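Take a look at the structure set out below.
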Amino acid sequence: MRSKQKTPATATREVKDDTNCEQLAVVLKLLQPQAASVDVGQTDGCGLGRVRHSFFMLLEHFNSFAYSAAADPAQLKQHVLQAPASRKAYYLRPVPMLSFLLDPRYVRRTMQMSPTVLACAMVLLKFMVASHDVKSALSNEIYENESYLPANFWKDISHNIMTKYTSFRARKRGALKLPISWAEATAADPNSWRRTWGDSVPHLQYVSVKIMRLPTKFGAGERSFSNAASIQTKMRSRMSYATFHKLL
Amino acid sequence: MYVETNVWGESRHTAANTAAFNAKRIESLGARNVIAFVSDTENKMKVVWDELSESYPWMRMIPCASHCFDLLIWKHPYVARPLMCCQKMKEFWRHNSFPKSVLERCQHEEYGKVVQLQRPNSTQKKYQVMASKSLLKTQVAMEKAVVDGVCK
């Protein structure tokens, strides 16, 4: 069903009213980086770190935006600055933070990061490598269950992981000492960067690859919802759930 | 990456039911093989995250980045009103053939070409920004079309 349309008189009035276009231009300027961020969340293959980066770039944009041009600047500014703060809990979860820290594109960036958030990311790093060691031990088929593992089983990757992480961040290990390995063009694609330069920190590379491959979006699920809405319409409301499921 | 769509039928979409459904799928894939769970950030899913984190502590719960960015500041009236106005204007110029043809003639006179008005999508906000941009590009031609008296 088509929504109620404007009458020609209303359209004429709104075209003649300059404030509409002025407001739209201001809103557009404000929202353009946000739309770009949505794009990052949708398309980037190794994007969790980039999502976190975009969030901070967005915060900077909102903070430095010229609100004086807006009609109701104080209220809009207050809202725009409060909104990201309320969503911080999502962007500053340990996974995007760790992904950001392990992303070669952002090693040189110094961005505000509270010690608590950093500590959480480090806990996650240790947890991920410990989890990998448990999985490796179980895959040897000596132990049937996690509960049978002895307390002192050999933790191949967990061993000295923090030293390796520090070497990575400090760029002081093997080929990572070479300036070319951190050049912007070299680090542009983190996956190929890891294949070429990641051998210097092999155990850290394992975690990096795993965390970089994590999906950032729920787009596939949303597409299914959209398809479902096209299949089950007002005219086809008697379709059985079994048929509906098959069509999806 | 594993994606599954399931029709729930009569069973209720509670957090407990959703968590049980997800747990069943995770077990079928091998619990240790699943390292992350991505979903939107509605309240029900937050409860599901808590329940799954309890059963599978190594699993990471990831909020959908597009949802998070999408819902950031769009609801403020100062932001929502011009975008809604833009959407209605698009509908008017696109769906009425006579004003549309006059607008195209004016665009041809002003810019030497026809500037297509993009259709804003209500769910993907980046398309609303793109649609607004295309509307602003043709502002002069719109004003000319209105002054010509086409819309009377």
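The values are calculated or read from the model by the stated rules, or taken from the named source; none is laboratory data. From a predicted model like this one, the values you see are computed outputs, not experimental measurements. All Cβ positions, even for glycine, are placed from backbone atoms using ideal geometry, and neighbour counts span all protein chains on display.
Quick notes on this one:
- Pair list, Cβ under 6 Å, 6 or more apart: the stretch B:14-27 residue surrounded by 14 or more Cβ atoms within 10 Å (Cβ to Cβ), other residue outside any helix (DSSP H, G or I): B:Asn17/B:Ser11; B:Ile26/B:Val34
Rundown of residues vs (1) crowded, with 20+ Cβ neighbours inside 10 Å; (2) at pLDDT below 80; (3) not assigned by TED's automatic domain parsing to the domain that holds B:Asp40, yes/no style:
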{"site": "B:Glu54", "(1), (2), (3)": "no, no, no"}
{"site": "B:Cys64", "(1), (2), (3)": "yes, no, no"}
{"site": "B:Pro99", "(1), (2), (3)": "yes, no, yes"}
{"site": "B:Leu103", "(1), (2), (3)": "yes, no, yes"}
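- Only one of B:Asn17, B:Asn22, B:Asn33, B:Asn43 that is more than 10 Å from chain A (Cβ to nearest Cβ), more than 28 Å from A:Thr243 (Cα to Cα) and among the polar types (S, T, N, Q): B:Asn43
- Only residues that are more than 24 Å from the chain's Cα centre (by Cα) and at pLDDT below 85 were counted across the stretch B:9-29, and they come to 4.
- Among the residues of the stretch A:166-184, just one is under 24 Å from A:Cys120 (Cα atoms), without any contact (Cβ under 8 Å) to a residue 60 or more places away in the chain and of a type outside the set (S, T, N, Q), namely A:Ala170.
- Restricting attention to the stretch A:191-231 and to residues that are in a loop (DSSP other than H, G, I, E, B) and under 29 Å from B:Phe69 (Cα atoms), the residue that is farthest from the other protein chains (Cβ to nearest Cβ) turns out to be A:Arg213.
- Single condition A:Lys126 does not satisfy, out of (1) outside any helix (DSSP H, G or I); (2) surrounded by 13 or more Cβ atoms within 10 Å (Cβ to Cβ): (1)
- A:Thr166 falls short on exactly one of the conditions (1) modelled with pLDDT under 80; (2) in the same structural domain as A:Ser139 (by TED's automatic domain parsing), and that condition is (1).
- Residue count for the stretch A:8-30, restricted to those that are at the interface with chain B (Cβ under 7 Å from one of its Cβ atoms) and surrounded by 14 or more Cβ atoms within 10 Å (Cβ to Cβ): 12
- Of the residues making up the stretch A:185-209, those that are in contact (Cβ under 8 Å) with a residue 12 or more places away in the chain, surrounded by fewer than 15 Cβ atoms within 10 Å (Cβ to Cβ) and of a type outside the set (S, T, N, Q) number 2.
- A:Leu247 being of a type in the set (A, V, I, L, M, F, W, C) and either within 11 Å of chain B (Cβ to nearest Cβ) or exposed (fewer than 14 other Cβ atoms within 10 Å of the Cβ) (or both): yes
- Residues of the stretch A:90-115 satisfying the condition of being surrounded by fewer than 12 Cβ atoms within 10 Å (Cβ to Cβ) and either within 14 Å of chain B (Cβ to nearest Cβ) or not basic (Lys, Arg) (or both): A:Thr110, A:Gln112, A:Ser114, A:Pro115
- In the condition set (1) surrounded by fewer than 16 Cβ atoms within 10 Å (Cβ to Cβ); (2) of a type in the set (Val, Ile, Thr); (3) more than 7 Å from chain A (Cβ to nearest Cβ), B:Thr5 is compliant with all but (3).
- Residues of the stretch B:1-18 classified as among the small types (Gly, Ala, Ser) and closer than 18 Å to A:Ala228 by Cβ, total: 2
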